[in-house]
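Working notes, structure below.
The values are calculated or read from the model by the stated rules, or taken from the named source; none is laboratory data. Please read these numbers as outputs of a predicted model, since none were measured by experiment. Here the Cβ positions follow ideal geometry from the backbone for every residue, glycine too, while neighbour counts run over all protein chains shown. The area values use the complete protein model at the heavy-atom level, side chains included, leaving out ligands, DNA and RNA. Shrake-Rupley method; radii C 1.70, N 1.55, O 1.52, S 1.80 Å.
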Amino acid sequence: MAPQYAPSLRSRLAPLLLILQTEFIIILLIIVHLLDLMTQGFCCLPEFQDVNVMMILGFGFLCTFPVRYGFSGSGFNLLVAIIATQWALILNGIDSWYNTKIIRIDLKSIVKAELCAVSALISIGSVLGKTNPVQLTLIALLEVTGFALNEWLLQTLLKVQPPNSIMLLHVFGALFGLMLTWILYRDGSKQGFEKEKFDKKSGLFSMLGAVFLWMFWPSFNSVLVGDDQTRLEAVCTTYLSLAVSAVTAAALAVLSSPRGKFNPIQMQSCIFAGGAAVGVSVSVVQQPWEAMALGFTAAILSTLGYRYLKTHLLIAFECHDTCSVLSTHGLPGLLGWLAQLVLQIKYCDDHTVAVRFAVYHICTLFITVSLSLSMGIITAFLLKWTFWRPQQNKKCFDDQAFWEFPNLVVRK
Amino acid sequence: MAPQYAPSLRSRLAPLLLILQTEFIIILLIIVHLLDLMTQGFCCLPEFQDVNVMMILGFGFLCTFPVRYGFSGSGFNLLVAIIATQWALILNGIDSWYNTKIIRIDLKSIVKAELCAVSALISIGSVLGKTNPVQLTLIALLEVTGFALNEWLLQTLLKVQPPNSIMLLHVFGALFGLMLTWILYRDGSKQGFEKEKFDKKSGLFSMLGAVFLWMFWPSFNSVLVGDDQTRLEAVCTTYLSLAVSAVTAAALAVLSSPRGKFNPIQMQSCIFAGGAAVGVSVSVVQQPWEAMALGFTAAILSTLGYRYLKTHLLIAFECHDTCSVLSTHGLPGLLGWLAQLVLQIKYCDDHTVAVRFAVYHICTLFITVSLSLSMGIITAFLLKWTFWRPQQNKKCFDDQAFWEFPNLVVRK
Amino acid sequence: MAPQYAPSLRSRLAPLLLILQTEFIIILLIIVHLLDLMTQGFCCLPEFQDVNVMMILGFGFLCTFPVRYGFSGSGFNLLVAIIATQWALILNGIDSWYNTKIIRIDLKSIVKAELCAVSALISIGSVLGKTNPVQLTLIALLEVTGFALNEWLLQTLLKVQPPNSIMLLHVFGALFGLMLTWILYRDGSKQGFEKEKFDKKSGLFSMLGAVFLWMFWPSFNSVLVGDDQTRLEAVCTTYLSLAVSAVTAAALAVLSSPRGKFNPIQMQSCIFAGGAAVGVSVSVVQQPWEAMALGFTAAILSTLGYRYLKTHLLIAFECHDTCSVLSTHGLPGLLGWLAQLVLQIKYCDDHTVAVRFAVYHICTLFITVSLSLSMGIITAFLLKWTFWRPQQNKKCFDDQAFWEFPNLVVRK
C-alpha cells in the first residue's frame, strides 16, 4: 500500500463531467431544431465507423504501452474523445447558428467533429501518464476551441476549404501538445519515471492499437474529401504512402539501432508518418509515386525525429514528449504542408499565381502554428494550478491513482 | 493438479453439436429452395459486418475479464452465437415456409437472426463461468425459441413491427438470464468464487470488447430500420446517446466510489446504457437532445443498478448475475420502452389515440416480460438436471475445466 | 543475457528493404501514368478495409501465440504483407503495361494485390519462428512472383477467370509453405523448440486474430466476385459455411481429445476450414445447404489433418508446419476444388461438356500444385544460404533475436 494516496477525483472530475454533459444537452435542446440528413455525396456509415474505430480503438490502445497504465491509456482516451467530439459538434455549428439559428447535426457533422477531437487526442499523447483526467478534460475543451478558432480564421481570412484546414490537425495537435508537456515539465522526467516502462503483453496491446491506426488511416484521410472519385483516389494514395512509410521505418529502425534490431515503440511511432503527410496534402497528391515518395521522406523524418529530436528536446528543453507526437504527427504534417506547396507550384503555369499561392500557403501555416503554440501555452499555465490536484510524481503512469481493482487477482 | 477432474465434454457436447449441425443442414436442404437476394433499401455488407463484429468480438471479449476464463469467455460466446444464429434463421423462416413452402435466406435474414442470437448472448452473460458448454448450447436453443415465439406473438396479436419487437431483445435477454442464474444458484456465490477475479491484462481484453461494443452499437441499432434516411438518423441518435452515457457513467463511477476512483468492470457495464435505451425506442427518438437526455438517464439507472441492485439481488434473492446483465441491458431497455411510450404520447394530438397506444404498449411489455421469465424458468429447471454434468464449484471460472493446454509455458 | 547473440539484421535487412522500396517507387514513377478509378460494379471502400483488416490484423495476430514471439508474429506479418502487396501490384500490372505502357492503380487492383499477398502470408505461417525477416522478405517476393506466374499461366492457357484463379491462393500458399519448412528443417523440431509454447495471454491475442479472420472471411471471399447480387450471395454462403465449420470443429475437437476438452490452437486452425473451401468454389456454390455441407466436410478434413497429418509430417517427413497451414488452408482448399468439380458436373446436362470441364479443372489444379511445389523448393534452397544469417536454434520463437526492449519492465 502506498504511504501517500493519489488525490481523489470525486470533488473535481465528477462535477466537471456532469456540468459539461448537462450543458451540452441543454445547448442542443435550445439551439438544435433539426436533425436533417442529406446523404448526397457522402458515403456515410462505413467511413463513419472507420473514423470511430481509429479514434477510439487506434489512439486508445496505442496509449496502453506503459505497463501499469493500460486502463487509463485506453479509458481516458475514450473520455476525452467523446467530450471533445460533443464540444466540437457545438463549436462547428456556431457559424450556421449565427446565420440561421439552427445547428444541423448529421453524420457528416459528427465525422467532422471527430476529426477535431483527434487533434485533441494527439495533444494528450504528449502528456500521457503525467496528467489526471480533470486536466485531460480541460485540455480537450481548450484544444478543440483553439482548433475550431483556427479553422474559422483560416476559412474567413484565407478561404481555406474544410478538408485542407482540418487536416492541419496533425500540426496543430502536435505543437499544442509540445507546449503542454514543456510547461508542465516534472522533475524526474529525465531519469525516466519509475513506471514508464512496458512489458511484452502491454506492448502487444499497443501494437494492436497501432495496427488499427495503420489500417483505417486511408478512411480517415478520405472521409472529408468531396466527391466519390476523389475520395477513392485519396484512399489509394494514403494506402501506398502508408505502405512505403512502414517498410522504410522498419529499415531505418534496424539501421539506427546499435545492435541492428527493431524497437517496438519506435516502430509504433514511425509507421504512420506517410499517412499524416499525405493527409495534409491530400488535395494535391495524385500520382502513386508522389504518395510513395512522400511516405518515404516522411518515414525518414519521423525516424530522425524519434531517435534524435526527442532526446534533444528532453535534455535541452526539458520537454518530455511521452508518445513522441512531434515525430509521429508534427514533422510528417509539416512535410505534408511542404509537399502541398511544392506540388501546387509545380502544377502552376503562371509565375504570379505560384508566388501568390506560396504566400497564402505560408500564411496558413503561420496562423496554425502561432495559434497552436499560444493556445498550448495558455492551457498549460491554466493546468499548472494545483486546484486540479495533479498526481504525485510516483503516481505517474500508474492506474492505481485513478482506478480501483476490488477483485484483482494477487500474483503469488 | 486438481484432485477432482472436471467432467469430460466428450459424451455430451460432441454428439449434441454434431446432431444439431446435421439437423440444421438437413432442414435447410429440405425446405430452403431459394437464395434470393433483394438488396433494395438494405445497405447490406458494412452493416452486416458491424453486427458480426459486435456479436462475436464485442460480446466475446467483454466476457474475458475473469483471469482464468478468457478462452471460455470468448470461445463459448462464438459457439453460442453461431448456433443461435442458425437456429434463429430457421425459426424466423417458419412463417414464410408455412405460406410458401420456401425459406428465403439473404443477408437481411442473417442479420435478423444475428440480432435474435444477441438476446441469447445477453442471457448467457448472467451465468458466465458457472455453466458448461452443453448447458450454454441448450440455453441458446431455448432462448432463441422463446424470443422467436415472443416476436411472433407480438406481431400476430399486437401488430408490432420487426424493428420494435426485435429491439426488445435487451429486456428479454436480461430477464431470461436473471431467471437462469436465480434458479441455477450455486452455494458459494456469496463469498465469490475462488477464480472470479481479474488481472490487469485480462481486464484490458475485456476493455477491448467493451470498446468494440461501444463503437459498433450505432450500426447495431440502425441495421433493421427501414429506409436509408431513417437509418442514418438512428446512427446519429445512438451515437449521441452513447457518448452522453459514457461521460455520465464515468462521472457517476467516480462519485459512487468511496475513494473517488473508476472501477473498470463498472465502466464496462454502464457506458452502453444509452445504446440499449435508444435501441428500444429507436423509432421515436428524433431530436438529438432527446437521445442525449435518454443516454443521461440510462447511465444513471445503469450505475444505480450496478452499485446497489446487483448486490441486493445476490444477498436477498440469491441471484448471482456475473456480467450484471440486468443493469447493462435490462434497466436501460425498460427505460427505452418507457421513453417510447412517453414520446409517442407526446406526439399524439388525440387523447383517445394516446390511451390506446399506452395500453397496446404496456401489453407489448407484459407479453415480453412474462414470456422471458417463464421461458427462463423452464430452461433453468431443464439445466438443473445433472445429466448435463455441470462443473464443480471450484471449477467455475476456470478454463482448465474445458480447455487443454499441451504446450503451455510454465511460469517460473 | 544470452551467451551468443542472434546475428544483427543491420547489414542485410536494412539495405534489402531500402533497395526494394526505392525500386518500387522508381518503377511506379516510370510506368504508372494514371491513377484512374472506375467504380462501376465495385462497392469498394468497406470491402477494401475488411480485406485489409483480415490481412494485417487477422493473420498478424493469429501468429502471436508463441509466448515470446508476439512482436515478430504480428510485426513481420505487417512487413511481409505490405512488401508482397506492392510487388503484386507491379506484377499484376505487367500484362496491361505490355499492351498499353500504362499500369492502372485503383482500389480494385490494390485489393487484388492484397489477395496475392495473402498467399504469401499463408506460406510464412509454416515457417513462423524459424526464419529471420530477411528470409521472410525473400519468401514474400518469390512466393508472389510464383503466384502471379501461376495466375498468368492459368489465364493464358486455360482461360481461368480471376476470382477462380486467385482463390487457389489457399492451395498455392499452403503447398509452397510446406516445401519451405520441409527443406529448411532444423534439427530439434521434433523435440519442440524451447520457446514454441504459449501462455494464456498470448493465446488470447491469437484468439483475437482468429476471431477477426473468422468475421471478415465473408468479405474476403466475395470481394472479387463480379456483380453486386453474386457478391452478396457469396457473403451468405461463406457465412453459413464458416458457421457450420466452427460448430463442427468444436465438436470434433472435443471428440478427438483424450480428456474431452477443447484445444485452443486446434480450434484456431480448424474453424476457418469452411471459409477456405467455399472460397475456392465460390463461383458454383449457390444453395445454403451446399455451403453448409461443404463447411461440415471441410471441418472434418481440417481436424483430421491437424490431429494426425501434422504429427505424421513431422515424424515421417521432417516437415515442421508451425501454424499447420496444410490443415488450415491446404486441405480445405483442395476440398473446395473438388466441390467445384462435382457441382459443375452436376449442373452439366451434356456428358461431353462435363468430361471436358473435369479435364480442364484437373489441369488447373495440376499447374497450381506443380508450380507451388517447384517454386517452394527453389525458394527454400535459396534461403538455406547462410548469407541470410538465420538465427540459431535457441533463438527460434524468440523476439529477443530481432527486437530490442530498452524500457522493459523487470518482473520481480
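For n ≥ 4 DSSP H runs only, could you compute -39500 (n - 2.57) per run for the protein assembly as shown, divide by its residues and tell me the 222 nm figure to the nearest 500?
For the protein assembly as shown, the value works out to -22000 deg cm²/dmol.
For A:Phe262, the amide hydrogen comes within under 5 Å of the amide hydrogens of C:Trp403, C:Glu404, counting only partners 5 or more places away or on other chains and with H modelled in the peptide plane.
Shape analysis of segment B:176-308 places it in the prolate category; the axes a ≥ b ≥ c from the Cα gyration tensor give an a/c of at least 1.5, with a/b above b/c. When C:Lys394 is represented by a point 7 angstrom out along its Cα-to-C-beta vector, the spacings to that point in the other copies are 3.9, 3.9 nm, nearest first. The mean sequence separation of alpha-carbon pairs under 8 Å and at least six residues apart, normalised by the residue count of segment A:104-244, gives a relative contact order of 24 percent.
From Cα pairs below 8 angstrom and at least 6 apart in sequence, can you work out the relative contact order of chain C, rounded to a whole percent? Across chain C, relative contact order equals 24 percent. The convex hull around the C-alpha trace of segment B:116-260, projected and averaged over every direction, spans 11.4 square nanometres. Placing unit charges on the Cβ atoms of the charged side chains and taking the dipole of chain B about its Cα centre, the candidate lying farthest along the positive direction among B:Thr322, B:Pro332, B:Phe48 is B:Thr322.
Site pair A:Leu408 and A:Arg356 shows an inter-label distance of 6.4 nm when each label is modelled 7 Å from Cα along Cα→Cβ.
Peptide A:228-236 has a mean of 5 when you count, residue by residue, the C-beta atoms of other protein chains within 10 Å of its C-beta. Shielding by partners for peptide A:99-110, expressed as the average number of C-beta atoms from other protein chains within 10 Å of each residue's C-beta, is 2. Between copies, the label points at C:Ile315 (set 7 angstrom from Cα along Cα-to-Cβ) are spaced 6.0, 6.0 nm, reported in nanometres from shortest to longest.
A 1.4 Å probe run over segment A:116-224, with the rest of the protein chains in place, finds 23 Å² accessible per residue.
Accessible area lost on pairing A with B, both sides, 1.4 Å probe, Å² to nearest 100?
5700
Take each residue in B:72-81, count the other chain C-beta atoms within 10 Å of its C-beta, and the mean is 4.
Carbon and sulfur atoms: what percent of the 1.4 Å accessible area of the protein assembly as shown do they account for? Carbon and sulfur together cover 66 percent of it. The shape of chain A comes out oblate: with a ≥ b ≥ c from the C-alpha gyration tensor, a/c is at least 1.5 while a/b does not beat b/c. What shape does the protein assembly as shown take by its C-alpha gyration tensor, where a ≥ b ≥ c are the square roots of the eigenvalues and a/c under 1.5 counts as rounded, a/b above b/c as prolate, and the rest as oblate? Rounded is the answer for the protein assembly as shown, as its axis ratio a/c remains below 1.5.
Structural descriptor for segment C:56-118: relative contact order 30 percent, calculated from alpha carbon pairs under 8 angstrom and at least 6 residues apart.
Applying 1/(1 + (r/R0)^6) with r as the Cβ-Cβ distance of B:Thr311 and B:Arg186 and R0 = 22 angstrom yields a FRET efficiency of 0.80. If you run the Gaussian network model on chain B, springs between alpha carbon atoms under 10 Å, then out of B:Ser189, B:Ser269, B:Ser123 the most flexible one is B:Ser189.
Rounded to whole numbers, the Karplus 3J(HN,Hα) couplings from phi for segment C:143-150 are 5, 5, 4, x, 5, 5, 4, 4 Hz, using 6.51 cos²θ - 1.76 cosθ + 1.60 with θ = phi - 60°, and x at Gly and Pro. In order along segment C:59-65, the Karplus-derived 3J(HN,Hα) couplings, from 6.51 cos²θ - 1.76 cosθ + 1.60 at θ = phi - 60°, round to 5, x, 7, 4, 8, 8, 5 Hz, and Gly and Pro are given as x. Protection proxy ranking of C:291-303, A:220-232, by the mean of other Cβ atoms within 10 Å over each peptide's residues and highest first, is C:291-303, A:220-232. Of all beta-carbon atoms in chain C, the one sitting closest to the axis that brings chain C onto chain A gives C:Pro46, 2, with the distance in whole angstrom. Here is how far apart the B:Asp349 label points are across copies: 6.3, 6.3 nm, shortest first, using a point 7 Å from Cα toward Cβ.
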